[in-house]
Ligand SMILES: [Fe+2]
Ligand SMILES: [Fe+2]
Ligand SMILES: [Fe+2]
């Protein structure tokens, strides 16, 4: 199975952008502006592709909708460094993305405050992302408004005034030249943005990922999702551990086991769009909150559909709230429409959630977990053959707090 790195980055950026909830294009706009400024400076294609990816992923250290609001709502938020460090650490875990890590690390540091020993090329790329990121914070409220093009001058003046302070003077010059054009701003509107990015991705990095590389990227995705709330800490990792354990017990071949693990790591990606206060509510959700929660597995599916070659994994991941009798969501699949990998992930998801403390209840002891799973099976919701493979050792696997390397 071969998957393109460009597809993975696109999907990852789509997941990261969901943290903006209703404004779900921030990373993509930053990427387009960075590439436009880079083109203005005559950067070669490979450098532009690197900035495209850095722009799309620059906020991968943000999982919380509250943190996201600070970052787009304030011009220079005092708490901004934490997500730079977290983004750097996440990107460094994936060999194919590691070159972006230092750019993300310094993307909220003022030009005048860049550390003396830092590679000047990294400092410039990081500062370019900072500059266009701040442009987006200034102008995002106006995208799509009829007088949008008239608003750009205030943003340009704000950036120009910061030359030599927050921003590198040559980068400000490049931005001022590029942003004189109406096209610079119009590309940022939803309809044109998709086309621009599609074209850019086609001519960008075409590296292929094998299964181990895919796994390291899925692991990074999972950590972003799990970082959303202390209550879901390690959830995706735990579901992946347990799903792999059950897949092996079921005697599935190595390749299928590995793909089940990847699907389990990715199953809750769509939760990035659920507001923090819904995820952490210490009481039953009201109807509107439940509806926003029930989008998440469909959202997972939509994100994964960006990745060509991953259709089967996308469906397994997105089916984790489906039930054998067709009463689940989002597709109401039933019986034979739910293949064994999907049934395994569904059981692993419930099981891991039951052993974990949630805002509305404590973690459950083994006997209670087994009783609850059997109750669900008796109602025709879960697969009895999967439950038959589950024992005390499996629950320990779900509780463990590390994923075996490799
Ligand atoms: Fe940002
Ligand atoms: Fe879920
Ligand atoms: Fe889950």
| Restricting the search to the range 143-161, which residues are outside any helix (DSSP H, G or I) and either touching a residue at least 12 places away in the same chain (Cβ under 8 Å) or farther than 21 Å from residue 114 by Cβ (or both)? | 143, 144, 145, 146, 147
| remark: Among 85, 131, 97, 90, the single one that is away from ligand 3 (no atom under 16 Å from the Cβ) and in contact with a strand residue (DSSP E or B) (Cβ under 6 Å, 6 or more places away or on another chain) is 131
| said: Please verify whether residue 53 is assigned to a helix (DSSP H, G or I), free of Cβ contacts under 8 Å to residues at least 40 places away in the same chain and surrounded by 24 or more Cβ atoms within 10 Å (Cβ to Cβ), treating the condition exactly as stated. | reply: no
| request: Hey, can you tell me all the residues within the range 56-68 that are assigned to a helix (DSSP H, G or I) and either crowded, with 17+ Cβ neighbours inside 10 Å or within 16 Å of ligand 2 (Cβ to nearest atom) (or both)? | output: 56, 57, 65, 67, 68
| Just wondering, is there one or more residues in the range 113-122 that are in a helix (DSSP H, G or I) and in contact (Cβ under 8 Å) with a residue 24 or more places away in the chain? | no
| query | Would it be correct to say that residue 313 is part of a helix (DSSP H, G or I) and within 14 Å of ligand 2 (Cβ to nearest atom)? | reply | no
| said: Quick check on my filter: what residues within the range 163-195 are over 21 Å from residue 25 (Cα atoms) and outside any loop (DSSP other than H, G, I, E, B)? | reply: 163, 167, 169, 170, 171, 172, 173, 174, 176, 177
| remark: When the range 1-50 is checked residue by residue, the ones that are within 16 Å of ligand 2 (Cβ to nearest atom) and either closer than 23 Å to residue 207 by Cα or not in a helix (DSSP H, G or I) (or both) are 15
| query | Could you count how many residues in the range 93-106 are in a helix (DSSP H, G or I) and either surrounded by 17 or more Cβ atoms within 10 Å (Cβ to Cβ) or not assigned by TED's automatic domain parsing to the domain that holds residue 60 (or both)? | reply | 8
| task | State all residues of the range 15-35 that are more than 15 Å from ligand 1 (Cβ to nearest atom) and surrounded by fewer than 24 Cβ atoms within 10 Å (Cβ to Cβ); if no residue qualifies, say none. | result | 22
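The values are calculated or read from the model by the stated rules, or taken from the named source; none is laboratory data. Predicted model, so just to flag it, every value in this text is computed and none were measured. All Cβ positions, even for glycine, are placed from backbone atoms using ideal geometry, and neighbour counts span all protein chains on display.
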